[in-house]
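Scroll down for the structure; my scribbles are underneath it.
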Amino acid sequence: MQKLDRFLEIIDRMYSGPVVEEKEFDRQNVIKGVARVIEAYDIKFDKDQIIQQDDDMIDRVWEAAKDFVVSCGVYNISSNRALMFTREEIEEALENAPSEVTIGEGKDSRVMKARKVEDPRPPQVSGGPIGAPITEDLWVPVMQTYYQEPIIDNVVAGIQATTHGRQVRAGTPLEILAAWLESEMTMEAATRAGRPGLSRNVVQASYSDIGHLSAVGSGGFRPVDMHVVPFISEMKTHDELLNKITHSIKQNGIITGYYNPILGGLGGGPEGLAVLLTAGFMALQIIYQPDTVESCPTHPHLSCSTAPQIIQSISVTAAAFARNSHVLTEFMTSPVGGPCTDTLLYECVVMATAVSVSGAARVFGVRSAVGVVENHCTGLEARFNGEIAHAAAGMSRKEADEIVKKAVALYEPKLGEKPVGLPFTEAYDLETLQPNDKWQVVYDRVKNEVCEWGLPLR
């Protein structure tokens with residue numbers, strides 16, 4: 001009830017705050033606000049470091065983000081109003097955030113805990129295609145390859161290329177059917193893999209509020225699953241998203257707030273991206289009251305999260321929260337590369353290493369080929385992403401940065417080529433649901449190479 005009471009107060013203010021045009025909010029509140037705090041707090045990244053290591057600068061980003069949230073607020077597109085906050089409200093929301101949360105149920109339950117910078121305890125691993133399109137005939141076998149990986153603590157589904165053989169349209173009966181089919185098929189995959197209690201993300205097929213509201217409940221997605229609800233970039237929400245949050249609160253669901261700022265967008269370069277990302281996570285804590293917060297900052301042209309400048313920003317935000325709070329943060333590996341490419345694996349090395357040593361509570365992925373190529377996803381890359389995150393736990397950021405630079409040098413020149421690799425049917429044996437020789441050889445070669453670099457992979 002305490003969470004609902006706080007949320008009702010937020011809703012009241014969401015419809016009574018100052019009226020402002022969206023473009024004006026973008027210009028005055030976001031663009032000018034980010035520029036102001038970057039200058040005021042003297043935020044400059046070390047260009048020679050991908051994983052940023054200046055703790056004083058990281059703490060200044062933390063304070064700058066608070067300052068920015070107070071001056072910027074969050075915009076409700078539906079009401080054309082800005083919801084404003086005080087510094088005290090930000091700090092109270094951060095203090096109220098849980099430091100650990102149990103996901104899943106029975107023998108498949110997992111405890112996600114806050115971590116510190118260079119923490120020797122490994123982060124949780126979330127695996128799945130994460131919204132990538134999968135055809136109905138391959139849905140269950142593809143998802144089973146994630147569920148069967150012991151290192152994975154939570155599974156995130158793809159989206160159906162069709163549902164019941166029909167194109168899905170938002171806000172229609174077909175969206176409801178797609179949401180229910182997602183629940184049914186993911187549970188079938190989980191049962192086949194012997195892990196029915198494992199937590200799932202809710203609901204990838206929720207294009208509008210109707211899909212989320214319909215499939216969360218008896219016989220569908222459970223309170224022990226991860227109820228993911230996003231902000232809109234930058235610093236915005238709307239009534240449909242608030243409807244999802246309301247339903248998840250009443251279901252007593254585990255809520256994950258998702259925020260995805262864009263490099264080179266309203267915040268500008270990597271410093272501005274770090275401020276926006278840190279500030280967005282803070283604002284999520286006030287409005288959505290999530291148990292965890294996650295992000296996949298996006299490159300404007302490549303649509304990936306693995307560009308070096310983005311990794312710089314993520315390393316700062318993860319460390320800022322790890323140093324100054326107990327908030328549970330997580331970050332997505334969304335590479336340009338696809339299955340059977342070494343590019344994909346090198347991108348995993350960079351993201352998972354940076355996230356792990358910077359103190360995030362969970363790494364999740366892999367959204368192979370940036371999640372846009374049909375059936376280009378397998379459980380093997382999610383396993384590798386998790387193995388890297390576990391191996392990096394406890395390393396110094398300086399040591400990790402040297403490893404990350406080696407991987408970046410190998411994949412950065414290929415990003416523009418978009419090496420999407422091979423589909424699931426050409427990467428896995430469809431009888432055994434194990435990687436075929438083509439994919440296994442690439443995995444083994446890169447794994448051995450990374451071991452030689454100093455990552456203690458088992």
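Bear in mind that the values in this text are calculations on the coordinates, not laboratory data. Note that the structure is a prediction, hence the values are computed from the model and not measured. Please note: Cβ atoms are built from the backbone with ideal geometry, for glycine as well, and neighbour counts cover all protein chains shown.
Straightening the chain between Lys44 and Thr86 buys 12.5 nm, computed as 0.36 nm per residue apart minus the Cα-Cα spacing. In this structure the amide hydrogen of Gly365, modeled in the peptide plane, comes within under 5 Å of the amide hydrogens of Ser126, Gly127, Gly128, Thr333, none closer than 5 places in sequence on its chain. Packing, taken as the mean count of other beta carbons within 10 Å per residue, orders the peptides 12-21, 207-216, 358-367, 338-347 from highest to lowest as 358-367, 338-347, 207-216, 12-21.
Loop-located trypsin sites (Lys or Arg not before Pro) across region 59-123 with a Cβ neighbour count of 15 or fewer within 10 Å are Lys116, with loop assigned by DSSP.
Give me the mean projected area, in nm² to one decimal, of the convex hull enclosing the Cα positions of region 270-309. Don't skip to the end; give the middle numbers.
Working: hull surface 12.6 nm².
With the hull built on Cα positions only, its mean projection is 3.2 nm².
Enclosing the Cα atoms of the chain in their convex hull gives a volume equal to 126 cubic angstrom per residue.
Taking every C-alpha pair closer than 8 Å and separated by at least 6 residues, the mean separation divided by the residue count of region 296-441 gives a relative contact order of 27 percent.
Between Val441 and His301, full extension at 0.36 nm per residue minus the direct alpha carbon distance yields a gain of 47.3 nm.
With a sphere of radius 11 Å drawn around the Cβ of Asp67, what net charge do the other residues whose Cβ falls strictly inside it have (Lys, Arg +1; Asp, Glu -1)?
Numbers: positive: Arg36, Arg60, Lys66, Arg87; negative: Glu63.
Charge balance in the 11 Å sphere: +3.
Can you tell me the relative contact order of the chain? Whole percent, Cα pairs under 8 Å, sequence separation 6 or more.
Details: 1055 pairs, mean separation 92.0, N = 458.
20 percent.
Between Arg166 and Arg121, what length comes free when the chain is fully extended (0.36 nm per residue of separation minus the Cα-Cα distance, one decimal in nm)? It would help to have the intermediate numbers written out before the result.
Working: separation 45, 0.36 × 45 = 16.20 nm, distance 4.54 nm.
Working it through step by step, the gained length comes to 11.7 nm.
Cross-link check: pairs Lys47/Lys398; Lys3/Lys66; Lys44/Lys66 evaluated at a Cα-Cα cut-off of 19 Å; pairs beyond the cut-off: Lys3/Lys66. In this structure, Gln28 and Ser79 have a Cβ-Cβ separation that, at R0 = 25 Å, corresponds to a calculated FRET efficiency of about 0.90.
Let's test the formula: R0 of 41 Å, r as the Cβ-Cβ distance of Arg13 and Ile151. What FRET efficiency results, to the nearest 0.05? Can you show the working numbers first?
Details: r = 43 Å, r/R0 = 1.04.
Once the sixth-power term is evaluated, E becomes 0.45.
Return one quarter of the surface area of the convex hull spanned by the alpha-carbon atoms of region 155-264, equal to its mean projected area, in nm².
Details: hull surface 30.6 nm².
Here the figure is 7.6 nm², rounded to one decimal.
When the convex hull of its Cα atoms is viewed from all sides, region 1-127 shows a mean projected area of 11.6 nm².
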